[in-house]
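Asker: Could you have a look at this structure, given as structure tokens, before my questions?
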Amino acid sequence: MPKNWSPIINPEELLQLKNSTEVILVDARAGLNMEENYKNEHLKDARYVDLNRDLATIGCNPANGGRHPLPSLEKFSEVLSKLGITTQSHVIIYDDKNGSNAAARFWWMLKAIGHEKVQVLNGGYQAAIHVGFPVSSGTENFDTAEKYPVSVWKLSLSNIKEVDKVRNNPENIVIDVRDKNRFNGFTEPLDLIAGHIPGAVNVPFSENLDENGFYLSAEKLAKKYTQILGNVKPENVIVHCGSGVTACHTLLAMGYAGIPIPQLYIGSWSEWSRNNMPMATKQ
């Protein structure tokens, strides 16, 4: 067993593990009718996890916690047990958005409760298909597990008050990973108004990837984020997106680069924009 688990696994490596009984493969593709799409076709032996149902507790008002607040620790423990995941499981997660959707979110959540053996598939579903990983349909049969012991989120979380307090402090950085058009207020497909948190800097998550949709090397990512952070300590960095999902793609990239994982602002723009409409800056 490797001592330090890389946050990502390449499709060729996954292919070598296709018959391993120690691996729990998880399909975290999200979107309209995705569970039905999973039943139509998914990577062989993959178990399905639903972003809205399993990895969040959706409230009636995104102004309180954003569009994808974290579930309770009790609920997350139940989800892991239903998936058959134990503290010793080697979990490999994929989506079809280069890891930027629920795969990275699930990775962050597992890391945040102290699970070590968890990786995201580099290149996602399409990359696995390309290297010949087998697919199947229907549902998979597997055993559930005993209750997964969880007590606290061990990775750092930030909230709207903390973001407001530090957003203009030169000793802190608030990173918005949404695309430039959303950050600059030219478009907003999901939330009530367009723009960004004043004082935030824009580092689109897509810049973590190469032209083929794979993560840049750890060395390139380390150079990139070392330059962005400058003299700011990683613990003084807050990363957000629209609703606390895609931000995890950048947290994964930084972890892959060997940088301590910064704070995640779960509420993100979906919460901030509903509470600070006059302060939602456009450029």
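The values are calculated or read from the model by the stated rules, or taken from the named source; none is laboratory data. Predicted, not measured: the structure shown is a model, and the values here were computed from it. All Cβ positions, glycine included, derive from the backbone under ideal geometry; neighbour counts span all protein chains shown.
Asker: Taking segment 200-245, which residues are assigned to a strand (DSSP E or B) and surrounded by fewer than 18 Cβ atoms within 10 Å (Cβ to Cβ)? Step through it out loud before you land on a result.
Answerer: Quick first cut of segment 200-245, residues assigned to a strand (DSSP E or B) only: 201-202, 209, 215, 237-240.
Once the filter is applied, which keeps residues that are assigned to a strand (DSSP E or B) and surrounded by fewer than 18 Cβ atoms within 10 Å (Cβ to Cβ), segment 200-245 yields V201, N202.
Asker: Still on this structure, please answer the following. Has segment 123-138 got at least one residue that is within 26 Å of K154 (Cβ to Cβ) and either polar (S, T, N, Q) or buried (at least 17 other Cβ atoms within 10 Å of the Cβ) (or both)? Let's see the steps before the verdict.
Answerer: Within segment 123-138, the first condition is being within 26 Å of K154 (Cβ to Cβ), and the residues that meet it are none.
No, segment 123-138 contains no residue that is within 26 Å of K154 (Cβ to Cβ) and either polar (S, T, N, Q) or buried (at least 17 other Cβ atoms within 10 Å of the Cβ) (or both).
Asker: Which of (1) among the hydroxyl-bearing types (S, T, Y); (2) in a helix (DSSP H, G or I); (3) out of contact with any strand residue (DSSP E or B) (no Cβ under 9 Å at 6 or more places or on another chain) is the odd one out, the single condition T187 does not satisfy?
Answerer: Among (1) among the hydroxyl-bearing types (S, T, Y); (2) in a helix (DSSP H, G or I); (3) out of contact with any strand residue (DSSP E or B) (no Cβ under 9 Å at 6 or more places or on another chain), the lone unmet condition for T187 is (2).
Asker: Please verify whether A218 is among the hydrophobic types (A, V, I, L, M, F, W, C), under 26 Å from Q126 (Cβ atoms), in contact with a helix residue (DSSP H, G or I) (Cβ under 9 Å, 6 or more places away or on another chain) and not assigned by TED's automatic domain parsing to the domain that holds G123, treating the condition exactly as stated.
Answerer: yes
Asker: Name the helices (runs of 4 or more DSSP H) wholly within segment 80-168 that hold at least 2 residues that are out of contact with any strand residue (DSSP E or B) (no Cβ under 9 Å at 6 or more places or on another chain) and outside the structural domain of N52 (by TED's automatic domain parsing)?
Answerer: Filter on segment 80-168 gives 160-166.
Asker: Then there's this: Look through segment 25-78, keep the residues that are of a type in the set (A, V, I, L, M) and more than 21 Å from D96 (Cα to Cα), and return whichever of them is nearest to the chain's Cα centre (by Cα).
Answerer: Residues of segment 25-78 that are of a type in the set (A, V, I, L, M), as a first pass: 25-26, 28, 30, 32, 34, 43, 46, 49, 51, 55-56, 58, 63, 70, 73.
Next cut, more than 21 Å from D96 (Cα to Cα) only: 58, 63, 70, 73.
Working: I58: 17, A63: 21, L70: 12, L73: 17 Å.
The residue in question is L70.
Asker: Further, regarding this structure: So, in segment 76-104, of the ones that are over 23 Å from L15 (Cα atoms) and in contact with a Ser or Thr (Cβ under 9 Å, 6 or more places away or on another chain), which residue ends up surrounded by the most Cβ atoms within 10 Å (Cβ to Cβ)? Show your work before the answer.
Answerer: Here is the first cut: in segment 76-104, the residues over 23 Å from L15 (Cα atoms) are 76-82, 87.
Narrowing further to those that are in contact with a Ser or Thr (Cβ under 9 Å, 6 or more places away or on another chain): 80-82.
Numbers: L80: 27, S81: 15, K82: 15.
It comes out as L80.
Asker: Is it the case, given these coordinates, that R178 is surrounded by 12 or more Cβ atoms within 10 Å (Cβ to Cβ), of a type in the set (D, E, K, R) and either modelled with pLDDT under 95 or in contact with a His (Cβ under 9 Å, 6 or more places away or on another chain) (or both)? Reasoning before the result, please.
Answerer: Working: surrounded by 12 or more Cβ atoms within 10 Å (Cβ to Cβ): yes; of a type in the set (D, E, K, R): yes; either modelled with pLDDT under 95 or in contact with a His (Cβ under 9 Å, 6 or more places away or on another chain) (or both): yes.
Yes.
Asker: Just name the residue that is surrounded by the most Cβ atoms within 10 Å (Cβ to Cβ) out of those in segment 247-271 that are without any contact (Cβ under 8 Å) to a residue 40 or more places away in the chain and part of a loop (DSSP other than H, G, I, E, B).
Answerer: So, considering only residues that are without any contact (Cβ under 8 Å) to a residue 40 or more places away in the chain and part of a loop (DSSP other than H, G, I, E, B), the one surrounded by the most Cβ atoms within 10 Å (Cβ to Cβ) is A257.
Asker: Taking the options L51, L17, name whichever one is modelled with pLDDT of 90 or more, in contact with a helix residue (DSSP H, G or I) (Cβ under 7 Å, 6 or more places away or on another chain) and surrounded by 13 or more Cβ atoms within 10 Å (Cβ to Cβ). Lay out the reasoning, then the answer.
Answerer: Values: L17 fails: in contact with a helix residue (DSSP H, G or I) (Cβ under 7 Å, 6 or more places away or on another chain).
Unique residue meeting the criteria: L51.
Asker: Return yes or no: is D27 crowded, with 22+ Cβ neighbours inside 10 Å and outside the structural domain of F205 (by TED's automatic domain parsing)?
Answerer: It is true that D27 is crowded, with 22+ Cβ neighbours inside 10 Å and outside the structural domain of F205 (by TED's automatic domain parsing).
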